[in-house]
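Enquirer: Quick one: structure below, then a few questions.
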Amino acid sequence: MNRDLYGKLVFELSHTGRRAIKIDSNNCPEATPISASLMRNKPLNLPELDEPSIVRHYHNISTNNFGVDTGFYPLGSCTMKYNPRINEEIAGHPEFSGLHPYQPENTVQGALEMYYTLQCALSEIGGMSEFTLNPFAGAHGELTGLMIIRAYHDSRNDKKRTKVIVPDSAHGTNPASAAVAGLKVVEVKSRPDGTVDVDDLRPLLDDTVAAVMMTNPNTLGIFERNIPEIARLAHEAGALMYYDGANLNPMLGISRPGDMGFDVMHINLHKTFSTPHGGGGPGAGPVGVRKGLEKFLPDPRVIRNDDGSFSLTGCKDSLGAVSATLGNYTVLLRALSYILSLGQNGLMEAGALATLNANYVKECLRSSYMLPIDTVCKHEFVFDGLKDKTSGVTTLDVAKRLLDYGYHAPTIYFPLLFHESLMIEPTETESLDTLNEFIDVMQRIAEEAITDPDTVKSAPHNTPVGRPDDTAAALNPIVTYAQLIGNE
Ligand SMILES: *Cc1c(COP(=O)(O)O)cnc(C)c1O
C-alpha cells in the first residue's frame, strides 16, 4: 500500500521541540508537587508541530471527503439533498445546544415546544394521529414501528402473528428490522412492472401475519398503485400496514400514507427533510401511528397541557424507551427549520421537482443505458447497466469512472432485481445546469465504453484509492494505524 497517497499521520509529521505557540514564564510560584502516585510513568506522546503544518494537515484531511457540499451526489435511495445553512445556524443556537437533557421541564419549555411542533407537522404530512421523534434512524424507526405493531397484537391477546410480509424490492433494513423485532420475514414478489404482485400476496395473508411492510414509491422509484387494495386485504386478515417512509420526498404534499391505509410509518428526517447524512452520521427516524395506536408509542412523549405548557409523559401501554431522552435533538431542529422555511407551498414544490428531475435525467440517458422498467418514475429510477454491453463494461466500471469526473457514484447493484442495477436519485435541489453536466458525463462514459473500454475498466485514475478488494476488506479489515504500517 502506498502510504504517501493517504497523507501522513500527525504523529509522523512531529519533530521534538517544535511548537505552534510559546508561553512565556509568568513568574508564578510552582504549585505544590503532585503526588508521585498520580504522575505518569512516561511522558504523554503528543505530536509537536508548527502552526502552518497543523492547519494544513487538518485542512487537507477535511477535503478528502466527498459530500453534497462538494459535488453532485446522485446516490439512489439516500435522498442526498442540499442542507440549507439556516438549518445549521438554528441547530447551533446556544439556547438549544447548551441544554442538558435532564433539565427540569419548566426550564426547557421552548425545547419541548419545538419537539411538539415538529410532531404535529409530521402528523399532518404523514396523515397520522401522532408521532414519536425518539428513534435515531430509519432502521431504528422500522424496529420501533414493528414493536408498536407487536404491542398492538399482544394487547388483543392475538399471539399467533409472527410474520411480516416484505416485497422482494424492499430495502435491506426491512427484513433486518423484522428479524430484530423477533418476526419472521415472508417475501412477496414483484411483477415485471416493478410493483408488488397482489396475486402473490393474497395467499400469504392469514392470521399469522402481523404486518405488511411497504415502501411507496418503492425502491425502484415506482408508485405502488395497488396500496388501497393491499391495505384492504391486509386489514381483512387482521394484519397492520407498515409504511417505510424513507422515500417520502416525492410524496410531500401530494399524498399521505395515512390516507392510503397505512397504520404505522417512519420518516427519515435526514433524507426528506434535508439534515445532513452519510458516513454513519446522525439521523432521525420518527414513527407515526394512526388513531388508536398512540398509547403504544415509546416513552417519553411530549404533550401539550390545557394551560399551553408542555410536559414529558409516559403511558402504561407504551413499549418503553427506544432511545435516551428525545432522540437526536439537533437533527429534529434542522428538520423543523427546513419545514418552516419552505412552508406548505415550498414542501409541495420540493416533491414535484424531485420527480421532474428524476424523469428528466432518465429520459436524457435512456438512449445509452438500459431502462428495464419503462414508466414515469417518482424521485429515483434504476438502469440495468449500459445499453450496449458488448465492451464488457459493467455498472461498477461506470460508477468508478464517474469519480474521475468529480461525481459521487450512484447506488449500484441495488435493488437486487437486476444484474447491473444503477440507481439514480438527483433530488430537487440540483439546478438544470448540474443535471445537464451529469447527463453529458454519463453519455461520455457510455461512448468511452465503446471507443476506449480499458480506460473505463481501470477507473478511477485520479482518486487516492482506486479499486480496493471488497472481499479482502470485509474479511481482513485494516482498522488501526499499527495494522496499516504492518506493526500489529
Ligand atoms: C435509507 C433507507 C432506509 C434506512 O434508513 P436509515 O436511516 O439508513 O437506517 C430504509 N428504507 C429505505 C427505502 C431507505 O432508502
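Enquirer: Counting Lys and Arg as +1 and Asp and Glu as -1, each charge on the Cβ, what is the dipole of the chain about the Cα centre in debye, to the nearest 20?
Expert: 960 debye
Enquirer: Run through every distinct alpha carbon pair of region 250-369 and return the Kirkwood hydrodynamic radius in angstroms, one decimal place.
Expert: That comes to 17.0 Å for region 250-369.
Enquirer: Need one number for region 59-177: average projected area of the convex hull over its C-alpha atoms, nm².
Expert: Numbers: hull surface 48.6 nm².
Here the figure is 12.1 nm², rounded to one decimal.
Enquirer: Can you figure out the FRET efficiency of Asp374 with Tyr58, using R₀ = 60 Å and their beta-carbon distance, to the nearest 0.05?
Expert: 0.75
Enquirer: Shifting gears a bit: Using the Cα centre as the reference, give the magnitude of the dipole from point charges on the C-beta atoms of region 24-89 (Lys, Arg: +1; Asp, Glu: -1; all else neutral), rounded to the nearest 20 debye.
Expert: My answer is approximately 360 debye.
Enquirer: Give the calculated FRET efficiency between Val465 and Glu187 to the nearest 0.05, with a Förster radius of 30 Å applied to their Cβ-Cβ distance.
Expert: Working: r = 36 Å, r/R0 = 1.19.
After rounding to 0.05, the efficiency reads 0.25.
Enquirer: With point charges of +1 on the Cβ of Lys and Arg and -1 on the Cβ of Asp and Glu, referenced to the Cα centre of region 187-339, which listed residue (Asn305, Ala239, Leu293) lies farthest in the positive direction of the dipole?
Expert: It is Asn305.
Enquirer: Turning to a different aspect of this structure: Normalized C-alpha radius of gyration of region 212-272, against 2.2 N^0.38 Å?
Expert: Dividing the Cα radius of gyration by 2.2 N^0.38 Å gives 1.06.
Enquirer: A further question on this structure: Any idea how far apart Ser255 and Arg366 come out in nm if each label point goes 7 Å out from Cα toward Cβ?
Expert: 2.0 nm
Enquirer: For region 346-389, which semi-axes, largest first and in whole Å, follow from the square roots of 5 times the eigenvalues of its Cα gyration tensor?
Expert: In descending order, the three semi-axes are 24, 8, 7 Å.
Enquirer: Principal axes first, then extents: for the Cα atoms of the chain, list largest minus smallest coordinate on each axis, whole Å, largest first.
Expert: Principal-axis extents of the chain (Cα, largest first): 82, 71, 45 Å.
Enquirer: May I pose another question? By per-residue mean of other Cβ atoms within 10 Å, what is the highest-first order of 137-145, 56-64?
Expert: 137-145, 56-64
Enquirer: Report, as a whole number in µm² per second, the diffusion coefficient that Stokes-Einstein gives for region 14-107 at 10 °C and 1.306 mPa s using the Kirkwood radius over alpha carbon pairs.
Expert: Details: Rh = 19.9 Å.
The diffusion coefficient I find is 80 µm²/s.
Enquirer: Report the label-to-label distance for Lys160 and Ser309 in nanometres (one decimal), using points 7 Å from each Cα along the Cα→Cβ vector.
Expert: 5.0 nm
Enquirer: For Tyr413 and Asp206, calculate 0.36 nm times their separation in residues minus their Cα-Cα distance, and state this gained length in nm to one decimal.
Expert: That works out to 71.2 nm of additional length.
Enquirer: Please name which of Asn134, Leu333, Val196 has its Cα lying farthest along the dipole of the chain towards the positive end, using unit charges on Cβ (Lys, Arg +1; Asp, Glu -1) and the Cα centre as origin.
Expert: Asn134
Enquirer: Now a separate question. Can you figure out the FRET efficiency of Ile485 with Ile86, using R₀ = 35 Å and their beta-carbon distance, to the nearest 0.05?
Expert: Working: r = 44 Å, r/R0 = 1.26.
After rounding to 0.05, the efficiency reads 0.20.
Enquirer: Within the chain, which whole H helices from DSSP have a Cα span along their axis of at least 27 Å and a mean Kyte-Doolittle hydropathy of -1.0 or more, if any?
Expert: What comes out of the filter, once short or polar helices are dropped, is 329-365, 432-451.
Enquirer: What ranking do Val465, Val287 get, fewest neighbouring Cβ atoms within 10 angstrom at the top?
Expert: With the sparsest Cβ surroundings first, the list reads Val465, Val287.
Enquirer: For region 126-264, what does the equivalent ellipsoid look like in terms of its semi-axes, each the square root of 5 times an eigenvalue of the Cα gyration tensor, given largest first in whole Å?
Expert: Over the Cα atoms of region 126-264, the semi-axes work out to 20, 18, 14 Å.
Enquirer: Next up: What nm value, rounded to one decimal, do you get for the distance between Ser97 and Leu46 when each label is placed 7 Å out toward the C-beta?
Expert: 2.4 nm
Enquirer: Using 0.36 nm times the number of residues separating Asp197 and Ser37, minus their current alpha carbon distance, what extension gain do you get? If you can, show how the numbers build up before the last one.
Expert: Working: separation 160, 0.36 × 160 = 57.60 nm, distance 7.20 nm.
Contour length minus Cα-Cα distance gives 50.4 nm.
Enquirer: Could you line up Tyr243, Tyr329, Tyr338, Tyr360 from fewest to most neighbouring Cβ atoms inside 10 Å? Mind dumping the intermediate values first?
Expert: Details: Tyr243 30, Tyr329 19, Tyr338 23, Tyr360 15.
Result, fewest neighbours first: Tyr360, Tyr329, Tyr338, Tyr243.
Enquirer: Okay, next question. For region 108-167, what Kirkwood radius comes out of the mean inverse Cα-Cα distance, in Å?
Expert: Final number for the Kirkwood radius of region 108-167 is 13.6 Å.
Enquirer: On to the next question. Note down the magnitude of the dipole of region 341-434 about its Cα centre, charges +1 on Lys and Arg C-beta and -1 on Asp and Glu C-beta and zero elsewhere, to the nearest 20 debye.
Expert: 220 debye
Enquirer: Right, another one. Report, in deg cm²/dmol and to the nearest 500, the calculated mean residue ellipticity at 222 nm for the chain, where each DSSP H run with n ≥ 4 adds -39500 (n - 2.57) and the sum is divided by the residue count. The partial results should precede the final answer.
Expert: On the way: 16 runs with 171 residues, N = 488.
Computed ellipticity for the chain at 222 nm equals -10500 deg cm²/dmol.
Enquirer: Using 12 Å as the cut-off for backbone N distance, which residues of region 123-137 belong to the label zone defined by a point 7 Å from the Cα of Lys291 along Cα→Cβ?
Expert: Label zone hits: 128-130.
Rule-based calculations on the coordinates, nothing more; no lab input. Predicted model, so just to flag it, every value in this text is computed and none were measured. Note that we place each Cβ from the backbone using ideal geometry, even for glycine, and neighbour counts take in every protein chain shown.
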